[in-house]
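The values are calculated or read from the model by the stated rules, or taken from the named source; none is laboratory data. Just so it is clear, the structure is predicted and the values come from calculations on it, not from any experiment. When we count neighbours, we look across all protein chains shown, and the Cβ atoms used for this are built from the backbone with ideal geometry, even at glycine. Accessible surface areas use protein heavy atoms only, side chains included; no ligands, DNA or RNA. Shrake-Rupley method; radii C 1.70, N 1.55, O 1.52, S 1.80 Å.
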Amino acid sequence: MIEVKNLYKSFDGEMVLKDISATFESGIINQIIGKSGSGKTVLMKSIIGLFPIDSGQILYQERNLPNMNRNELKLLHQEVGMLFQGAALFDSMTVIENVMFPLEMFSKKSKQEMIERARFCLERVNLQPDTVSPLFPSEISGGMQKRVAIARAIALNPKYLFCDEPNSGLDPVTALVIDRLIEEITQEYNITTIINTHDMNSIMEIGAHIIFIEKGTKAWEGSKEEIFTANNEALEDFVFASNLYKKIRKTQQKTKNN
Amino acid sequence: MLGLDTLGRYVVLMKRTFTKPDNWRMFGRQLPREMVKLGVDSIGIIIIISIFMGAIMLMQTILNTESPFIPRYSNGLILRDTMLLEFASSIMSLLLAGKVGSNIASEIGTMRITEQIDALEIMGVNSANYLILPKVIGLILCMPVLVTLSVFCGLLGGLGIAVLTDMIPMADFIYGIQYAFIPYYFTYSIIKSLFFGFIIASVSSFYGYYAYGGALDVGRASTNAVVNSSIAILLMNIILTRILLT
Ligand SMILES: Nc1ncnc2c1ncn2[C@@H]1O[C@H](COP(=O)(O)OP(=O)(O)OP(=O)(O)O)[C@@H](O)[C@H]1O
Ligand SMILES: [Mg+2]
(Lines give C-alpha, C1' and ligand atoms only; values in the text may rest on other atoms or scores of the structure.)
(Ligands and ions follow the chains in the order given, each with its own letter.)
Protein backbone atom coordinates (compact mmCIF):
# COMPACT_ATOMS: atom_id res chain seq x y z
CA MET A 1 0.00 0.00 0.00
CA ILE A 2 1.20 3.50 -0.84
CA GLU A 3 -0.28 6.59 0.79
CA VAL A 4 0.25 10.06 -0.63
CA LYS A 5 -0.63 12.98 1.63
CA ASN A 6 -0.83 16.65 0.61
CA LEU A 7 1.78 16.40 -2.09
CA TYR A 8 2.97 19.63 -3.72
CA LYS A 9 5.48 19.77 -6.56
CA SER A 10 6.75 22.72 -8.58
CA PHE A 11 9.34 23.28 -11.31
CA ASP A 12 11.14 26.65 -11.16
CA GLY A 13 8.37 28.22 -9.09
CA GLU A 14 5.59 26.85 -11.28
CA MET A 15 3.21 24.57 -9.36
CA VAL A 16 2.65 21.35 -11.30
CA LEU A 17 0.98 19.31 -8.55
CA LYS A 18 -1.21 20.86 -5.86
CA ASP A 19 -2.31 19.16 -2.65
CA ILE A 20 -2.65 15.62 -3.95
CA SER A 21 -3.74 12.97 -1.44
CA ALA A 22 -4.54 9.39 -2.35
CA THR A 23 -4.25 5.82 -1.14
CA PHE A 24 -3.13 3.05 -3.46
CA GLU A 25 -4.06 -0.44 -2.26
CA SER A 26 -2.20 -3.61 -3.21
CA GLY A 27 -3.66 -6.35 -5.41
CA ILE A 28 -5.79 -4.01 -7.50
CA ILE A 29 -5.13 -1.72 -10.45
CA ASN A 30 -4.81 1.92 -9.43
CA GLN A 31 -5.00 4.29 -12.35
CA ILE A 32 -3.99 7.92 -12.61
CA ILE A 33 -5.87 9.45 -15.51
CA GLY A 34 -5.99 12.90 -17.02
CA LYS A 35 -5.32 14.96 -20.11
CA SER A 36 -1.89 15.34 -21.63
CA GLY A 37 0.13 17.77 -19.54
CA SER A 38 -2.08 17.42 -16.47
CA GLY A 39 0.83 16.11 -14.40
CA LYS A 40 0.47 12.31 -14.44
CA THR A 41 4.09 11.55 -15.21
CA VAL A 42 5.33 14.13 -12.72
CA LEU A 43 3.05 12.63 -10.04
CA MET A 44 4.30 9.12 -10.76
CA LYS A 45 7.96 10.12 -10.80
CA SER A 46 7.45 12.10 -7.59
CA ILE A 47 5.90 9.09 -5.86
CA ILE A 48 8.87 6.95 -6.88
CA GLY A 49 11.36 9.58 -5.82
CA LEU A 50 12.80 10.46 -9.22
CA PHE A 51 11.69 14.07 -8.62
CA PRO A 52 12.18 15.78 -5.25
CA ILE A 53 8.85 17.17 -3.99
CA ASP A 54 8.13 20.55 -2.37
CA SER A 55 6.10 19.22 0.55
CA GLY A 56 3.87 16.34 1.57
CA GLN A 57 4.26 12.71 2.56
CA ILE A 58 4.67 9.58 0.45
CA LEU A 59 4.27 6.55 2.68
CA TYR A 60 5.41 3.14 1.58
CA GLN A 61 3.98 1.06 4.43
CA GLU A 62 4.82 3.70 7.03
CA ARG A 63 8.20 4.56 5.44
CA ASN A 64 8.11 8.19 4.32
CA LEU A 65 9.99 8.59 1.04
CA PRO A 66 10.92 12.29 1.34
CA ASN A 67 12.71 11.49 4.59
CA MET A 68 14.76 8.63 3.15
CA ASN A 69 18.48 8.98 2.62
CA ARG A 70 20.12 7.84 -0.57
CA ASN A 71 20.75 4.36 0.75
CA GLU A 72 17.21 3.80 2.02
CA LEU A 73 15.87 5.05 -1.30
CA LYS A 74 18.11 2.59 -3.10
CA LEU A 75 16.78 -0.28 -0.99
CA LEU A 76 13.21 0.84 -1.65
CA HIS A 77 13.90 1.00 -5.38
CA GLN A 78 14.91 -2.63 -5.33
CA GLU A 79 11.29 -3.36 -4.36
CA VAL A 80 9.99 -1.26 -7.24
CA GLY A 81 9.41 -2.26 -10.84
CA MET A 82 8.62 0.30 -13.47
CA LEU A 83 7.37 0.13 -17.01
CA PHE A 84 8.28 3.27 -18.94
CA GLN A 85 6.32 4.89 -21.73
CA GLY A 86 8.85 3.81 -24.35
CA ALA A 87 9.76 0.50 -22.66
CA ALA A 88 13.27 1.86 -21.91
CA LEU A 89 15.01 -1.45 -22.53
CA PHE A 90 18.80 -1.24 -22.57
CA ASP A 91 19.50 -1.31 -26.28
CA SER A 92 23.06 -2.54 -25.94
CA MET A 93 21.85 -5.74 -24.29
CA THR A 94 19.88 -8.72 -25.57
CA VAL A 95 16.40 -9.51 -24.30
CA ILE A 96 17.58 -12.08 -21.79
CA GLU A 97 20.38 -9.79 -20.57
CA ASN A 98 17.82 -7.05 -20.03
CA VAL A 99 15.64 -9.28 -17.87
CA MET A 100 18.67 -10.62 -15.99
CA PHE A 101 20.07 -7.14 -15.36
CA PRO A 102 18.34 -6.42 -12.03
CA LEU A 103 19.14 -9.95 -10.88
CA GLU A 104 22.83 -9.60 -11.70
CA MET A 105 22.91 -6.23 -10.03
CA PHE A 106 21.21 -7.12 -6.78
CA SER A 107 20.61 -10.83 -6.25
CA LYS A 108 23.04 -13.40 -4.93
CA LYS A 109 21.77 -16.05 -7.32
CA SER A 110 24.08 -18.21 -9.41
CA LYS A 111 24.26 -17.62 -13.15
CA GLN A 112 22.10 -20.68 -13.82
CA GLU A 113 19.43 -19.57 -11.33
CA MET A 114 19.38 -16.12 -12.88
CA ILE A 115 18.87 -17.52 -16.37
CA GLU A 116 16.06 -19.71 -15.07
CA ARG A 117 14.36 -16.81 -13.33
CA ALA A 118 14.69 -14.62 -16.44
CA ARG A 119 13.24 -17.36 -18.62
CA PHE A 120 10.37 -17.80 -16.17
CA CYS A 121 9.59 -14.07 -16.31
CA LEU A 122 9.65 -14.11 -20.11
CA GLU A 123 7.26 -17.04 -20.13
CA ARG A 124 5.06 -15.22 -17.62
CA VAL A 125 4.57 -12.40 -20.13
CA ASN A 126 3.78 -14.96 -22.83
CA LEU A 127 7.03 -14.77 -24.73
CA GLN A 128 8.99 -17.77 -25.99
CA PRO A 129 12.32 -17.61 -24.10
CA ASP A 130 14.09 -19.69 -26.73
CA THR A 131 13.18 -17.42 -29.61
CA VAL A 132 13.38 -13.94 -28.04
CA SER A 133 16.34 -14.35 -25.66
CA PRO A 134 19.21 -13.68 -28.09
CA LEU A 135 17.45 -10.79 -29.88
CA PHE A 136 18.18 -7.12 -29.28
CA PRO A 137 15.34 -4.71 -28.38
CA SER A 138 15.56 -3.10 -31.83
CA GLU A 139 14.81 -6.48 -33.39
CA ILE A 140 11.42 -7.01 -31.72
CA SER A 141 8.05 -5.24 -32.07
CA GLY A 142 6.80 -2.50 -29.76
CA GLY A 143 4.33 -4.84 -28.08
CA MET A 144 7.06 -7.39 -27.42
CA GLN A 145 9.33 -4.66 -26.06
CA LYS A 146 6.61 -3.73 -23.55
CA ARG A 147 6.35 -7.36 -22.50
CA VAL A 148 10.09 -7.69 -22.08
CA ALA A 149 9.98 -4.50 -20.02
CA ILE A 150 7.29 -6.06 -17.80
CA ALA A 151 9.40 -9.20 -17.46
CA ARG A 152 12.36 -7.06 -16.39
CA ALA A 153 10.15 -5.10 -13.97
CA ILE A 154 8.94 -8.27 -12.21
CA ALA A 155 12.30 -10.08 -12.20
CA LEU A 156 13.05 -9.14 -8.60
CA ASN A 157 9.49 -9.81 -7.36
CA PRO A 158 8.58 -6.17 -6.81
CA LYS A 159 6.12 -5.06 -4.16
CA TYR A 160 5.30 -1.96 -6.20
CA LEU A 161 4.76 -1.70 -9.93
CA PHE A 162 4.54 1.60 -11.80
CA CYS A 163 3.47 1.81 -15.44
CA ASP A 164 3.60 5.07 -17.38
CA GLU A 165 1.14 4.75 -20.27
CA PRO A 166 1.82 1.06 -20.82
CA ASN A 167 -0.25 0.84 -23.98
CA SER A 168 0.61 4.05 -25.78
CA GLY A 169 1.71 3.33 -29.32
CA LEU A 170 0.10 -0.12 -29.37
CA ASP A 171 -2.86 -1.31 -31.39
CA PRO A 172 -6.08 -1.81 -29.36
CA VAL A 173 -5.77 -5.58 -29.27
CA THR A 174 -2.15 -5.63 -28.11
CA ALA A 175 -2.92 -2.81 -25.67
CA LEU A 176 -5.63 -4.96 -24.12
CA VAL A 177 -3.28 -7.93 -23.84
CA ILE A 178 -0.73 -5.79 -22.00
CA ASP A 179 -3.41 -4.36 -19.68
CA ARG A 180 -4.72 -7.82 -18.82
CA LEU A 181 -1.21 -9.05 -18.21
CA ILE A 182 -0.49 -6.26 -15.75
CA GLU A 183 -3.80 -6.92 -14.00
CA GLU A 184 -3.10 -10.67 -13.71
CA ILE A 185 0.38 -10.12 -12.33
CA THR A 186 -0.91 -7.54 -9.87
CA GLN A 187 -3.51 -9.94 -8.50
CA GLU A 188 -1.31 -13.01 -8.59
CA TYR A 189 1.54 -11.47 -6.58
CA ASN A 190 -0.55 -8.91 -4.64
CA ILE A 191 1.50 -6.00 -5.98
CA THR A 192 0.66 -2.34 -5.43
CA THR A 193 0.25 -1.24 -9.03
CA ILE A 194 -0.17 2.30 -10.31
CA ILE A 195 -0.83 2.95 -13.99
CA ASN A 196 -0.81 6.30 -15.82
CA THR A 197 -3.14 6.38 -18.77
CA HIS A 198 -5.42 8.48 -20.90
CA ASP A 199 -6.76 5.50 -22.81
CA MET A 200 -10.50 5.07 -22.15
CA ASN A 201 -10.45 1.42 -23.24
CA SER A 202 -7.87 0.66 -20.63
CA ILE A 203 -9.77 2.60 -17.98
CA MET A 204 -12.99 0.71 -18.69
CA GLU A 205 -11.16 -2.60 -18.83
CA ILE A 206 -9.04 -2.67 -15.70
CA GLY A 207 -9.60 0.54 -13.70
CA ALA A 208 -10.46 -0.65 -10.21
CA HIS A 209 -9.42 2.52 -8.44
CA ILE A 210 -9.13 5.67 -10.52
CA ILE A 211 -7.72 9.08 -9.71
CA PHE A 212 -8.50 11.87 -12.13
CA ILE A 213 -5.94 14.66 -12.32
CA GLU A 214 -6.96 18.00 -13.77
CA LYS A 215 -4.36 20.77 -14.00
CA GLY A 216 -2.29 19.30 -11.20
CA THR A 217 -5.07 18.73 -8.68
CA LYS A 218 -7.07 15.63 -7.85
CA ALA A 219 -10.45 16.40 -9.36
CA TRP A 220 -12.16 13.05 -8.86
CA GLU A 221 -11.64 9.58 -7.42
CA GLY A 222 -13.66 6.41 -7.88
CA SER A 223 -14.01 3.18 -9.85
CA LYS A 224 -14.67 2.52 -13.53
CA GLU A 225 -18.31 1.77 -12.71
CA GLU A 226 -18.76 5.19 -11.16
CA ILE A 227 -17.02 7.12 -13.91
CA PHE A 228 -20.13 7.67 -16.08
CA THR A 229 -22.21 8.98 -13.25
CA ALA A 230 -19.60 11.16 -11.64
CA ASN A 231 -21.20 14.56 -12.24
CA ASN A 232 -17.81 16.22 -12.62
CA GLU A 233 -17.55 18.54 -15.56
CA ALA A 234 -13.83 18.19 -16.24
CA LEU A 235 -14.04 14.43 -15.94
CA GLU A 236 -16.98 14.30 -18.34
CA ASP A 237 -15.05 16.39 -20.86
CA PHE A 238 -12.21 13.93 -20.59
CA VAL A 239 -14.30 10.77 -20.70
CA PHE A 240 -16.65 11.84 -23.44
CA ALA A 241 -14.01 13.34 -25.69
CA SER A 242 -14.31 10.45 -28.13
CA ASN A 243 -17.35 9.92 -30.32
CA LEU A 244 -17.79 6.37 -29.11
CA TYR A 245 -18.29 7.48 -25.54
CA LYS A 246 -20.47 10.40 -26.61
CA LYS A 247 -22.80 7.82 -28.13
CA ILE A 248 -22.74 5.77 -24.96
CA ARG A 249 -23.68 8.85 -22.98
CA LYS A 250 -26.57 9.63 -25.31
CA THR A 251 -28.00 6.16 -24.95
CA GLN A 252 -27.51 6.40 -21.21
CA GLN A 253 -29.36 9.68 -21.06
CA LYS A 254 -32.13 8.27 -23.23
CA THR A 255 -32.61 5.31 -20.94
CA LYS A 256 -32.59 7.66 -17.97
CA ASN A 257 -35.27 9.86 -19.53
CA ASN A 258 -37.47 6.95 -20.43
CA MET B 1 30.51 27.93 -22.53
CA LEU B 2 31.18 26.70 -19.06
CA GLY B 3 28.97 28.73 -16.76
CA LEU B 4 29.34 28.54 -13.02
CA ASP B 5 26.18 26.48 -12.52
CA THR B 6 27.23 24.12 -15.29
CA LEU B 7 30.51 23.64 -13.50
CA GLY B 8 28.61 22.99 -10.26
CA ARG B 9 26.43 20.35 -11.87
CA TYR B 10 29.52 18.76 -13.39
CA VAL B 11 31.16 18.51 -9.97
CA VAL B 12 28.00 17.00 -8.45
CA LEU B 13 27.83 14.43 -11.24
CA MET B 14 31.49 13.50 -10.74
CA LYS B 15 30.85 13.03 -7.03
CA ARG B 16 28.10 10.54 -7.85
CA THR B 17 30.34 8.90 -10.45
CA PHE B 18 33.34 8.35 -8.24
CA THR B 19 31.78 6.08 -5.65
CA LYS B 20 32.08 2.39 -5.04
CA PRO B 21 30.30 0.45 -7.82
CA ASP B 22 27.03 -1.22 -6.78
CA ASN B 23 28.34 -4.44 -8.19
CA TRP B 24 32.04 -5.05 -8.86
CA ARG B 25 31.38 -7.98 -11.15
CA MET B 26 29.32 -5.77 -13.46
CA PHE B 27 32.02 -3.11 -13.33
CA GLY B 28 34.63 -5.72 -14.20
CA ARG B 29 32.58 -6.68 -17.21
CA GLN B 30 31.96 -3.10 -18.35
CA LEU B 31 35.57 -1.93 -18.09
CA PRO B 32 37.14 -4.08 -20.83
CA ARG B 33 34.16 -3.38 -23.10
CA GLU B 34 34.68 0.34 -22.75
CA MET B 35 38.43 -0.03 -23.26
CA VAL B 36 37.76 -1.77 -26.54
CA LYS B 37 35.14 0.73 -27.64
CA LEU B 38 37.06 3.86 -26.64
CA GLY B 39 40.70 2.79 -26.92
CA VAL B 40 41.21 -0.20 -29.18
CA ASP B 41 38.74 1.07 -31.77
CA SER B 42 40.69 4.34 -31.97
CA ILE B 43 44.01 2.67 -32.75
CA GLY B 44 43.47 2.67 -36.51
CA ILE B 45 42.85 6.37 -36.88
CA ILE B 46 45.70 7.21 -34.51
CA ILE B 47 48.15 5.12 -36.50
CA ILE B 48 47.15 6.68 -39.79
CA ILE B 49 47.14 10.27 -38.58
CA SER B 50 50.39 9.94 -36.61
CA ILE B 51 52.29 8.39 -39.52
CA PHE B 52 51.21 11.07 -41.97
CA MET B 53 51.71 13.92 -39.51
CA GLY B 54 55.17 12.60 -38.64
CA ALA B 55 56.05 12.46 -42.32
CA ILE B 56 54.75 15.91 -43.14
CA MET B 57 56.31 17.51 -40.06
CA LEU B 58 59.71 16.15 -41.01
CA MET B 59 59.31 17.38 -44.58
CA GLN B 60 58.29 20.85 -43.42
CA THR B 61 61.17 21.23 -40.96
CA ILE B 62 63.67 20.10 -43.58
CA LEU B 63 62.26 22.47 -46.19
CA ASN B 64 62.17 25.43 -43.81
CA THR B 65 65.52 25.06 -42.09
CA GLU B 66 67.85 24.55 -45.01
CA SER B 67 70.92 26.34 -43.74
CA PRO B 68 74.58 25.36 -43.49
CA PHE B 69 74.56 26.33 -39.81
CA ILE B 70 71.85 23.91 -38.75
CA PRO B 71 72.98 20.28 -38.75
CA ARG B 72 70.70 17.98 -40.69
CA TYR B 73 70.19 15.56 -37.86
CA SER B 74 68.39 18.31 -35.92
CA ASN B 75 65.36 17.71 -38.14
CA GLY B 76 64.98 14.25 -36.60
CA LEU B 77 65.36 15.73 -33.16
CA ILE B 78 62.68 18.37 -33.82
CA LEU B 79 60.27 15.73 -35.05
CA ARG B 80 60.88 13.57 -31.98
CA ASP B 81 60.36 16.37 -29.50
CA THR B 82 57.29 17.76 -31.25
CA MET B 83 55.71 14.33 -31.25
CA LEU B 84 56.61 13.81 -27.60
CA LEU B 85 55.77 17.23 -26.25
CA GLU B 86 52.59 18.15 -28.05
CA PHE B 87 51.38 15.97 -30.86
CA ALA B 88 51.06 12.58 -29.18
CA SER B 89 49.32 14.02 -26.12
CA SER B 90 47.51 17.27 -26.95
CA ILE B 91 46.72 17.04 -30.65
CA MET B 92 45.85 13.38 -30.39
CA SER B 93 43.55 14.16 -27.46
CA LEU B 94 41.75 16.80 -29.47
CA LEU B 95 41.29 14.19 -32.12
CA LEU B 96 39.95 11.71 -29.58
CA ALA B 97 37.64 14.38 -28.15
CA GLY B 98 36.01 14.42 -31.57
CA LYS B 99 35.84 10.70 -32.08
CA VAL B 100 35.36 9.28 -28.59
CA GLY B 101 33.64 12.33 -27.06
CA SER B 102 30.79 12.42 -29.53
CA ASN B 103 30.40 8.67 -29.21
CA ILE B 104 30.11 8.86 -25.41
CA ALA B 105 27.75 11.83 -25.39
CA SER B 106 25.38 10.36 -27.95
CA GLU B 107 25.34 6.96 -26.25
CA ILE B 108 24.54 8.37 -22.80
CA GLY B 109 22.27 11.08 -24.24
CA THR B 110 20.20 8.47 -26.04
CA MET B 111 19.90 6.49 -22.84
CA ARG B 112 18.70 9.66 -21.10
CA ILE B 113 15.97 10.61 -23.55
CA THR B 114 14.70 7.05 -23.92
CA GLU B 115 14.38 6.87 -20.10
CA GLN B 116 16.99 4.09 -19.81
CA ILE B 117 18.77 6.17 -17.19
CA ASP B 118 15.51 6.54 -15.25
CA ALA B 119 15.09 2.78 -15.54
CA LEU B 120 18.51 2.28 -13.93
CA GLU B 121 17.69 4.69 -11.11
CA ILE B 122 14.36 2.99 -10.48
CA MET B 123 16.12 -0.32 -10.07
CA GLY B 124 18.24 1.30 -7.41
CA VAL B 125 21.37 1.52 -9.56
CA ASN B 126 23.58 4.61 -9.29
CA SER B 127 23.33 5.39 -13.00
CA ALA B 128 26.17 7.91 -13.03
CA ASN B 129 28.53 5.44 -11.45
CA TYR B 130 27.36 2.53 -13.59
CA LEU B 131 27.56 4.36 -16.91
CA ILE B 132 30.32 6.91 -16.50
CA LEU B 133 32.95 5.34 -14.24
CA PRO B 134 33.93 2.50 -16.62
CA LYS B 135 34.26 4.99 -19.46
CA VAL B 136 36.47 7.37 -17.49
CA ILE B 137 38.69 4.65 -16.03
CA GLY B 138 38.75 2.75 -19.32
CA LEU B 139 39.88 5.73 -21.38
CA ILE B 140 42.47 6.81 -18.80
CA LEU B 141 43.96 3.31 -18.87
CA CYS B 142 44.14 3.37 -22.68
CA MET B 143 45.75 6.80 -22.98
CA PRO B 144 49.41 5.88 -22.22
CA VAL B 145 49.26 3.12 -24.81
CA LEU B 146 47.73 5.44 -27.40
CA VAL B 147 50.34 8.13 -26.70
CA THR B 148 53.23 5.70 -27.03
CA LEU B 149 51.75 4.35 -30.21
CA SER B 150 51.32 7.83 -31.61
CA VAL B 151 54.97 8.80 -30.91
CA PHE B 152 56.17 5.58 -32.44
CA CYS B 153 54.05 6.00 -35.56
CA GLY B 154 55.11 9.64 -35.95
CA LEU B 155 58.76 8.59 -35.98
CA LEU B 156 57.88 5.80 -38.37
CA GLY B 157 56.37 8.39 -40.71
CA GLY B 158 59.63 10.34 -40.51
CA LEU B 159 61.59 7.19 -41.21
CA GLY B 160 59.44 6.65 -44.27
CA ILE B 161 60.52 10.04 -45.62
CA ALA B 162 64.18 9.21 -44.92
CA VAL B 163 63.85 5.90 -46.73
CA LEU B 164 61.69 6.95 -49.65
CA THR B 165 63.14 10.38 -50.46
CA ASP B 166 66.56 11.97 -50.52
CA MET B 167 65.50 14.81 -48.26
CA ILE B 168 67.48 13.54 -45.29
CA PRO B 169 70.08 10.78 -45.11
CA MET B 170 68.96 7.79 -43.08
CA ALA B 171 71.93 7.98 -40.72
CA ASP B 172 71.26 11.63 -39.91
CA PHE B 173 67.62 10.89 -39.15
CA ILE B 174 68.42 7.94 -36.89
CA TYR B 175 71.11 9.96 -35.12
CA GLY B 176 68.72 12.92 -34.74
CA ILE B 177 65.88 11.03 -33.11
CA GLN B 178 68.30 9.69 -30.50
CA TYR B 179 70.24 12.89 -29.93
CA ALA B 180 69.90 14.58 -26.51
CA PHE B 181 66.88 12.56 -25.57
CA ILE B 182 65.20 13.74 -22.36
CA PRO B 183 63.24 10.82 -20.89
CA TYR B 184 61.18 13.20 -18.75
CA TYR B 185 59.46 14.47 -21.91
CA PHE B 186 57.93 11.07 -22.27
CA THR B 187 56.70 11.07 -18.67
CA TYR B 188 55.34 14.57 -19.21
CA SER B 189 53.42 13.41 -22.25
CA ILE B 190 51.94 10.44 -20.43
CA ILE B 191 50.89 12.54 -17.42
CA LYS B 192 49.19 15.05 -19.69
CA SER B 193 47.35 12.33 -21.57
CA LEU B 194 45.91 10.92 -18.34
CA PHE B 195 44.34 14.30 -17.56
CA PHE B 196 43.10 14.65 -21.11
CA GLY B 197 41.56 11.17 -21.02
CA PHE B 198 39.71 12.12 -17.87
CA ILE B 199 38.47 15.35 -19.45
CA ILE B 200 37.25 13.70 -22.64
CA ALA B 201 35.34 10.91 -20.91
CA SER B 202 33.89 12.92 -18.04
CA VAL B 203 32.93 16.11 -19.92
CA SER B 204 31.33 14.13 -22.74
CA SER B 205 29.45 11.94 -20.28
CA PHE B 206 28.23 15.08 -18.52
CA TYR B 207 26.70 16.54 -21.68
CA GLY B 208 25.07 13.22 -22.53
CA TYR B 209 23.78 12.66 -19.01
CA TYR B 210 21.96 15.99 -18.89
CA ALA B 211 20.53 15.82 -22.41
CA TYR B 212 16.85 16.71 -22.38
CA GLY B 213 14.29 16.44 -25.15
CA GLY B 214 14.53 14.39 -28.35
CA ALA B 215 16.94 13.05 -30.93
CA LEU B 216 17.96 16.55 -32.02
CA ASP B 217 18.97 17.35 -28.48
CA VAL B 218 21.23 14.31 -28.42
CA GLY B 219 22.99 15.72 -31.47
CA ARG B 220 23.33 19.05 -29.71
CA ALA B 221 24.66 17.37 -26.58
CA SER B 222 27.27 15.57 -28.59
CA THR B 223 28.41 18.79 -30.31
CA ASN B 224 28.62 20.49 -26.92
CA ALA B 225 30.64 17.57 -25.62
CA VAL B 226 33.24 17.83 -28.38
CA VAL B 227 33.53 21.62 -28.25
CA ASN B 228 33.74 21.89 -24.48
CA SER B 229 36.08 18.97 -23.91
CA SER B 230 38.39 20.43 -26.59
CA ILE B 231 38.41 23.80 -24.86
CA ALA B 232 39.02 22.12 -21.50
CA ILE B 233 41.93 20.17 -22.99
CA LEU B 234 43.53 23.33 -24.37
CA LEU B 235 43.21 25.13 -21.03
CA MET B 236 44.48 22.12 -19.11
CA ASN B 237 47.42 21.87 -21.52
CA ILE B 238 48.57 25.38 -20.58
CA ILE B 239 48.18 24.69 -16.86
CA LEU B 240 49.99 21.34 -16.97
CA THR B 241 52.84 22.67 -19.08
CA ARG B 242 53.30 25.49 -16.58
CA ILE B 243 53.38 23.03 -13.71
CA LEU B 244 55.36 20.21 -15.30
CA LEU B 245 57.91 21.94 -17.51
CA THR B 246 58.80 25.24 -15.85
N1 LIG C 1 11.51 18.09 -15.87
C2 LIG C 1 10.58 19.06 -15.95
N3 LIG C 1 10.94 20.35 -15.78
C4 LIG C 1 10.01 21.34 -15.86
N5 LIG C 1 8.70 21.15 -16.09
C6 LIG C 1 8.28 19.88 -16.28
C7 LIG C 1 9.20 18.78 -16.21
N8 LIG C 1 8.50 17.63 -16.42
C9 LIG C 1 7.22 18.02 -16.61
N10 LIG C 1 7.06 19.35 -16.51
C11 LIG C 1 5.79 20.10 -16.65
O12 LIG C 1 4.83 19.53 -15.80
C13 LIG C 1 3.56 19.50 -16.43
C14 LIG C 1 2.96 18.10 -16.35
O15 LIG C 1 3.69 17.25 -17.20
P16 LIG C 1 3.51 15.67 -17.23
O17 LIG C 1 4.61 15.11 -18.04
O18 LIG C 1 3.35 15.16 -15.87
O19 LIG C 1 2.15 15.51 -18.01
P20 LIG C 1 1.38 14.14 -18.32
O21 LIG C 1 0.07 14.23 -17.63
O22 LIG C 1 2.24 12.98 -18.00
O23 LIG C 1 1.16 14.29 -19.88
P24 LIG C 1 1.22 13.12 -21.01
O25 LIG C 1 -0.09 12.45 -20.98
O26 LIG C 1 1.40 13.91 -22.27
O27 LIG C 1 2.38 12.24 -20.72
C28 LIG C 1 3.75 19.99 -17.84
O29 LIG C 1 3.27 21.33 -17.89
C30 LIG C 1 5.24 19.96 -18.05
O31 LIG C 1 5.64 21.04 -18.86
MG1 LIG D 1 3.22 11.45 -19.19
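Computed values, structure above
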{"quantity": "Residues in segment B:16-40 occluded by at least 30 Å² - accessible area, probe radius 1.4 Å, against chain by itself", "calculated": "B:ARG16, B:ASP22, B:ASN23, B:ARG25, B:MET26, B:ARG29"}
{"quantity": "Cα Rg, Dmax (largest Cα-Cα span) when computed across segment B:4-244, Å", "calculated": "20.7, 72"}
{"quantity": "Centroid-to-centroid separation of segment B:161-230 and segment B:61-82 [C-alpha atoms, Å]", "calculated": "24"}
{"quantity": "In segment B:155-222, the chymotrypsin sites (Phe, Trp or Tyr not before Pro) that fall in loop regions by DSSP, at most 11 other Cβ within 10 Å", "calculated": "B:TYR212"}
{"quantity": "Chain A, relative contact order [Cα under 8 Å, separation at least 6], %", "calculated": "27"}
{"quantity": "Summed side-chain charge close to A:LEU75 - residues other than A:LEU75 whose Cβ falls under 14 Å, Lys, Arg +1, Asp, Glu -1", "calculated": "0"}
{"quantity": "Listed residues A:HIS77, A:HIS198 arranged by accessible area, highest first, probe 1.4 Å", "calculated": "A:HIS198, A:HIS77"}
{"quantity": "Averaged over B:109-118, number of beta-carbon atoms from partner chains that fall within 10 Å", "calculated": "4"}
{"quantity": "Share of pairwise Cα separations in segment A:88-157, more than 18 Å, in percent", "calculated": "24"}
{"quantity": "Net length gained if the chain between B:ILE56 and B:ILE43 were fully extended (0.36 nm per residue, minus Cα distance)", "calculated": "2.7 nm"}
{"quantity": "For A:ASP199, solvent-accessible area (1.4 Å; no DNA, RNA or ligand), Å²", "calculated": "40"}
{"quantity": "Relative compactness, segment B:5-117, computed as alpha-carbon Rg over 2.2 N^0.38 Å", "calculated": "1.58"}
{"quantity": "Alpha carbon centroid spacing (whole Å) that separates segment A:208-258 from segment B:89-128", "calculated": "45"}
{"quantity": "GluC sites (Glu not before Pro) restricted to segment B:57-141 and DSSP loop, no more than 11 other C-beta within 10 Å", "calculated": "B:GLU66"}
{"quantity": "Share antiparallel - DSSP beta bridges, chain A, percent rounded to 5", "calculated": "50"}
{"quantity": "Accessible area, probe 1.4 Å, largest first, for residues A:LYS18, A:LYS35", "calculated": "A:LYS35, A:LYS18"}
{"quantity": "Residue-level accessible surface for A:LYS9, protein heavy atoms, 1.4 Å, Å²", "calculated": "10"}
{"quantity": "Whole-number percent relative contact order across chain B, with pairs defined as alpha carbons under 8 Å at least 6 apart", "calculated": "34"}
{"quantity": "Separation of alpha-carbon centers, segment A:139-188 and segment A:79-120, rounded to whole Å", "calculated": "14"}
{"quantity": "Cα-based convex hull, the protein assembly as shown, per residue volume (Å³, whole number)", "calculated": "182"}
{"quantity": "Equivalent ellipsoid dimensions for chain A as semi-axes, Å, which come from the Cα gyration tensor, largest first", "calculated": "32, 24, 15"}
{"quantity": "Whole-percent carbon and sulfur share, accessible surface of chain A, 1.4 Å", "calculated": "49"}
{"quantity": "GluC sites (Glu not before Pro) lying in DSSP loop within segment A:184-227, provided at most 13 other Cβ fall within 10 Å", "calculated": "A:GLU225, A:GLU226"}
{"quantity": "Shape category assigned to segment B:1-64 from the gyration tensor of Cα positions, a/c cut at 1.5", "calculated": "oblate"}
{"quantity": "DSSP-defined antiparallel bridges as percent of all bridges, the protein assembly as shown, nearest 5", "calculated": "50"}
{"quantity": "Carbon + sulfur, % of accessible area of chain B - ligands and nucleic acids excluded, 1.4 Å", "calculated": "73"}
{"quantity": "Neighbourhood net charge (13 Å Cβ-Cβ; Lys/Arg +1, Asp/Glu -1) for B:LEU159", "calculated": "0"}
{"quantity": "Heavy-atom surface of the protein assembly as shown, accessible at 1.4 Å and reported per residue (Å²)", "calculated": "46"}
